[in-house]
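Single-structure report; data block below.
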Amino acid sequence: MTYFENVSKIKYEGPKSKNSLAFKFYNPEEKIGDRTMEEWLRFGVAYWHTFTYDGTDPFGSGNMIRPWNHLTGMDLAKARVEAAFELFDKLNAPFFCFHDVDIAPEGTTLRETNKNLDEIVGMIEDYMKTSKTKLLWNTANMFSNPRFVHGAATSCNADVFAFSAAKVKKGLEVAKRLGAENYVFWGGREGYESLLNTDMGLEQDNLARFFHMAVDYAKEIGFDGQFLIEPKPKEPTKHQYDFDVATGIAFLQKYNLDQYFKFNIEANHATLAGHTFEHELRVARINGMLGSVDANQGDPLLGWDTDEFPTDLYSTTLAMYEIIKNGGLGKGGLNFDAKVRRGSFEPEDLFRAHITGMDSFAVGLKVAHKLIEDKVLDDFIAKRYRSFNEGIGKDIVEGKANFKTLEDYALDIKEFHNESGRVEELRALLNQYLLTTF
Ligand code: XUL
Ligand code: CO
């Protein structure tokens with residue numbers, strides 16, 4: 001059965017194409033430096049937004065036209081798998097990602113849920129034998145069901161902690177079975193509403209205990225995918241423990257977990273934390289912990305996680321700048337944790353939206369690569385910090401200075417030779433590269 005009959009295989013037609021169902025900039029085979037676009041970008045389709053989001057928002061019910069809308073239960077789950085692999089193939093998507101509850105309905109007990117899961121995972125496994133699309137990561141949804149009202153690994157209820165552990169145990173087994181490149185932990189409700197009823201110390205200790213158990217179990221079953229933490233400062237909880245990358249690093253270091261984890265950085269989570277997307281990528285990169293990316297964008301006029309498909313070329317360029325400087329994403333990829341707007345309810349919009357996101361990152365890749373190749377920022381930055389290459393600056397970075405030697409040096413300085421940071425000029429250069437690279 002065909003689910004998207006109005007869509008054929010999406011091809012690259014170049015920047016002048018007027019075909020809404022064609023790539024204008026994403027040309028998977030095109031070489032950028034030492035890799036193809038496909039190898040750099042490693043795009044992933046998010047199962048939840050693409051196959052389970054029905055358009056519901058706090059003020060209105062589902063409105064998405066989907067070829068599987070008439071189905072329920074396991075029939076619905078199976079139709080979604082069929083539709084998913086059709087979409088992956090037509091879009092030429094190298095990866096996909098899912099939560100356990102996205103792919104199979106929950107039963108009344110975990111035993112029943114796992115039975116449903118096993119059946120659908122078997123079906124996915126069969127599809128994957130002939131499909132090029134691989135699993136970038138899977139995760140456990142530990143935030144939607146009412147049992148997670150007070151969190152999962154940070155719940156005040158030990159039964160919920162146990163249930164969550166069993167869910168992640170199953171998730172790791174599924175990850176191993178499907179050859180997932182990563183396993184993601186997004187702490188949906190791992191945070192608090194009010195300190196008046198919260199034992200923050202115990203909650204964070206428990207979260208660390210939970211992560212250690214996950215590390216141990218992955219070792220036990222031989223799952224060698226990368227563990228990723230996805231920071232988010234708020235929503236649904238008022239304050240989430242994995243606030244941002246820096247907070248996450250401090251947590252991982254405190255509990256001796258840093259060697260086992262990297263970060264999955266989401267653009268819209270970065271902006272909710274009051275950072276730019278590229279800031280979060282930079283913090284992870286300079287700490288050797290840039291793992292993967294949830295590629296989307298927020299709306300500066302809205303204070304919540306709008307999960308829009310990325311279109312902002314400044315942002316995709318600066319993100320790709322960090323990713324190239326990182327030497328690529330390794331096992332990670334660019335997962336479109338993004339949903340079509342409620343008004344874009346036609347099935348074909350799922351393709352149009354992904355094409356838009358893929359083209360936006362392809363532009364970012366090409367422009368960022370050129371900026372790096374031409375050493376535009378590198379040369380400027382090297383010059384800006386040159387005082388650390390000689391004299392007292394060299395002593396400082398080589399650990400040869402102390403407060404006394406620095407005082408000796410500083411006491412009689414009469415003039416400081418600061419230079420302009422020239423940020424306007426650099427922004428204009430970025431504009432120039434954006435407008436002239438294609
Ligand atoms: C929620 C979010 C999640 C994670 C996976 O804001 O980003 O979808 O990516 O649980
Ligand atoms: Co995400």
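The values are calculated or read from the model by the stated rules, or taken from the named source; none is laboratory data. Because the structure is predicted, anything quoted here is derived from the model rather than measured. For neighbour counting, all protein chains shown are included, and Cβ atoms are generated from backbone atoms with ideal geometry for every residue, glycine included.
Tabulated data for the structure shown
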quantity	calculated
Of all residues making up the range 359-411, the number that are among the small types (Gly, Ala, Ser), surrounded by 12 or more Cβ atoms within 10 Å (Cβ to Cβ) and over 30 Å from Phe23 (Cα atoms)	3
Selected residue (only one of Gly288, Gly274 is more than 23 Å from Ala208 (Cα to Cα), of a type in the set (Gly, Ala, Ser) and either surrounded by fewer than 21 Cβ atoms within 10 Å (Cβ to Cβ) or away from ligand 1 (no atom under 14 Å from the Cβ) (or both))	Gly274
Enumeration of residues in the range 259-292 that are of a type in the set (Asp, Glu) and within 11 Å of ligand 2 (Cβ to nearest atom)	Glu266
Test: residue in the range 244-252 that is in contact with a Gly (Cβ under 9 Å, 6 or more places away or on another chain), within 16 Å of ligand 2 (Cβ to nearest atom), within 16 Å of Trp186 (Cα to Cα) and not hydrophobic (A, V, I, L, M, F, W, C)	yes
Members of the range 295-319 that are over 14 Å from Ile265 (Cα atoms), within 16 Å of ligand 1 (Cβ to nearest atom) and hydrophobic (A, V, I, L, M, F, W, C)	Leu302, Trp304, Phe309
Any hit, the range 379-400, residues being under 24 Å from Ile32 (Cβ atoms) and touching a residue at least 40 places away in the same chain (Cβ under 8 Å)	yes
Verdict on Val283 being more than 16 Å from ligand 1 (Cβ to nearest atom), of a type in the set (Val, Ile, Thr), under 26 Å from Asp312 (Cα atoms) and not in a loop (DSSP other than H, G, I, E, B)	yes
Residue in the range 261-271 that is away from ligand 1 (no atom under 16 Å from the Cβ) and out of contact with any Leu (no Cβ under 7 Å at 6 or more places or on another chain) present	no
Top-ranked residue of the range 293-307 - restricted to ones that are over 13 Å from Glu278 (Cα atoms) and in contact (Cβ under 8 Å) with a residue 40 or more places away in the chain, ranked as farthest from ligand 2 (Cβ to nearest atom)	Trp304
Residue that is surrounded by the fewest Cβ atoms within 10 Å (Cβ to Cβ), among those in the range 100-133 that are among the charged types (D, E, K, R) and outside any helix (DSSP H, G or I)	Lys132
Flag if Leu195 is modelled with pLDDT of 95 or more and over 21 Å from the mean Cα position of the chain (by Cα)	yes
Segments classed as helices (runs of 4 or more DSSP H), wholly inside the range 374-416, with at least 1 members that are under 30 Å from Glu322 (Cβ atoms)	376-384, 391-397
